[in-house]
1. Would you mind working out the magnitude of the charge dipole of segment 24-103 relative to its Cα centre, with +1 at each Lys and Arg C-beta and -1 at each Asp and Glu C-beta, to the nearest 20 Debye?
2. Pull up all non-local amide H partners of Arg77: gap of 5 or more, or a different chain, and H-to-H distance under 5 Å with H placed in the peptide plane.
3. Name the shape class, rounded, prolate or oblate, that the alpha-carbon gyration tensor gives for the chain, where a ≥ b ≥ c are the square roots of its eigenvalues, rounded holds for a/c under 1.5, and otherwise prolate holds if a/b is larger than b/c and oblate otherwise.
4. Which whole-number percent gives the relative contact order of the chain, counting Cα pairs below 8 Å spaced six or more residues apart?
5. Determine the alpha carbon to alpha carbon distance for each of Lys62/Lys114; Lys87/Lys114; Lys6/Lys35; Lys62/Lys97; Lys22/Lys62 and list only those over 22 Å.
6. Counting only helical runs of four or more DSSP H residues, what would the 222 nm mean residue ellipticity of the chain come to if each run contributes -39,500 (n - 2.57) and the total is spread over all its residues?
Amino acid sequence: MPRSPKRSPCPVACTLDLLGDKWTLLVVRDLFCGKSRFRDFLDSPEGIATNILSERLARLTKSGLVETFASPAGQGRAEYRLTKRGKSLGPVLESVKDWGLANIPGTEARLQPKV
């Protein structure tokens, strides 16, 4: 089913339509931290369900933030990586992380992005 047109021309609303659920930026975070296989994402501490992960990866791929590639391990498996456009979310994630560390007691940055 095709997505409906944008609900608003507002860049904040459009960005939230793409990234504003509780899972999408966590998948992007994991990609920045070097995860690339479906199983890797499932092993994250937040416990994303397989159907939600599949949908988020498909949405990120369709939007041009993520691309798939053949797994070096073979067996017809795909892996995922950020595109240049997806990598441009780095400063956004960094800002969200910094805000959380400064404003939400008990938070800590356990995952480090891979360069």
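Throughout, read-outs are computed from the coordinates displayed, never taken from laboratory work. Quantities reported herein were computed from a predicted structural model and do not represent experimental measurements. A quick note on method: Cβ atoms are made from the backbone with ideal geometry, for glycine too, and the neighbour counts reach across all protein chains shown.
1. The dipole of segment 24-103 has a size of about 280 debye.
2. Here Ser71 satisfy the definition.
3. Judged from the Cα gyration tensor, the chain comes out oblate (a/c at least 1.5, b/c at or above a/b).
4. Contact order relative to length: 24 percent.
5. From the list (Lys62/Lys114; Lys87/Lys114; Lys6/Lys35; Lys62/Lys97; Lys22/Lys62), the Cα-Cα distance tops 22 Å for Lys62/Lys114; Lys6/Lys35; Lys62/Lys97.
6. The helix contribution divided over the chain gives -13500 deg cm²/dmol.
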